[in-house]
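Undergrad: Before we start, here is the structure in question, set down as structure tokens.
Please treat every number below as a calculation from the coordinates, not as lab data. A quick note: this is a predicted structure, and the numbers were derived from the prediction, not measured. For neighbour counting, all protein chains shown are included, and Cβ atoms are generated from backbone atoms with ideal geometry for every residue, glycine included.
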Amino acid sequence: MARIPLDPPRTLVYRLAEWYSRRTYGAVLDPGAAMAHNPRVLLTNARFERSLQRWDRLDPTLEALAVMASAVTIGCSWCVDFGYWISTNKGVDPAKLRDVPR
């Protein structure tokens with residue numbers, strides 16, 4: 001259960017984030033809805049995520065394994081699930097991702 005309500009004020013920034021999330025992922029993601037309570041946090045996170053998308057020096061499989069390992073290390077189940085979904089959609093072998101927690 002989220003400690004922050006997932007029904008933020010419907011500001012222009014949140015509506016744009018909602019549109020982008022639905023277009024990209026098919027639904028409004030809970031972390032985005034939680035961050036929308038503070039538009040500066042939402043915009044800063046969006047800017048950070050966009051800058052990370054431009055990093056392309058790592059092999060995609062190695063990148064996916066690193067993301068999965070860090071998510072498992074910090075114990076974020078949402079991060080593990082979302083990372084698995086994104087990585088398998090990019091063509092990473094699901095068996096390799098499933099072995100990371102072990």
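Undergrad: So how tilted is helix 77-89 from the main axis of the chain? Cα-based, degrees 0 to 90, rounded to 10.
TA: 70 degrees
Undergrad: Something else now. What number, rounded to the nearest 500 deg cm²/dmol, is the helix-based mean residue ellipticity at 222 nm of the chain, given -39500 (n - 2.57) per DSSP H run of at least four residues and division by all its residues?
TA: Values: 6 runs with 69 residues, N = 102.
-20500 deg cm²/dmol, from helical runs alone.
Undergrad: So, one more: Considering the zone a paramagnetic label at C79 would reach in this model (a point 7 Å from Cα along the Cα-to-Cβ line), which residues of the stretch 6-48 have amide N under 20 Å from it?
TA: Under cut-off, by backbone N: 29-36, 41-48.
Undergrad: By how many nm would the segment from R22 to K90 grow when fully extended, if each residue of separation counts as 0.36 nm and the alpha-carbon distance is taken off?
TA: Details: separation 68, 0.36 × 68 = 24.48 nm, distance 1.84 nm.
Answer, rounded to one decimal: 22.6 nm.
Undergrad: If you line up the long axis of helix 39-53 against the longest principal axis of the chain, both from Cα atoms, how many degrees apart are they, to the nearest 10?
TA: 30 degrees
Undergrad: Tell me which label goes with the value of Cα Rg over 2.2 N^0.38 Å computed from the coordinates here: (1) 1.48; (2) 1.17; (3) 1.75.
TA: Entry (2).
Undergrad: Be a star and scan the stretch 32-56 for residues whose amide nitrogen sits under 16 Å from the point 7 Å along the Cα-to-Cβ vector of L12.
TA: Flagged as within label range: 39-40, 43.
Undergrad: Could I ask something else about it? What's the local net charge at M68, with K and R +1, D and E -1, over the other residues with C-beta under 10 Å away? Spell out each step's value before the answer.
TA: Working: positive: K96, R98; negative: E63, D99.
Net charge around M68: 0.
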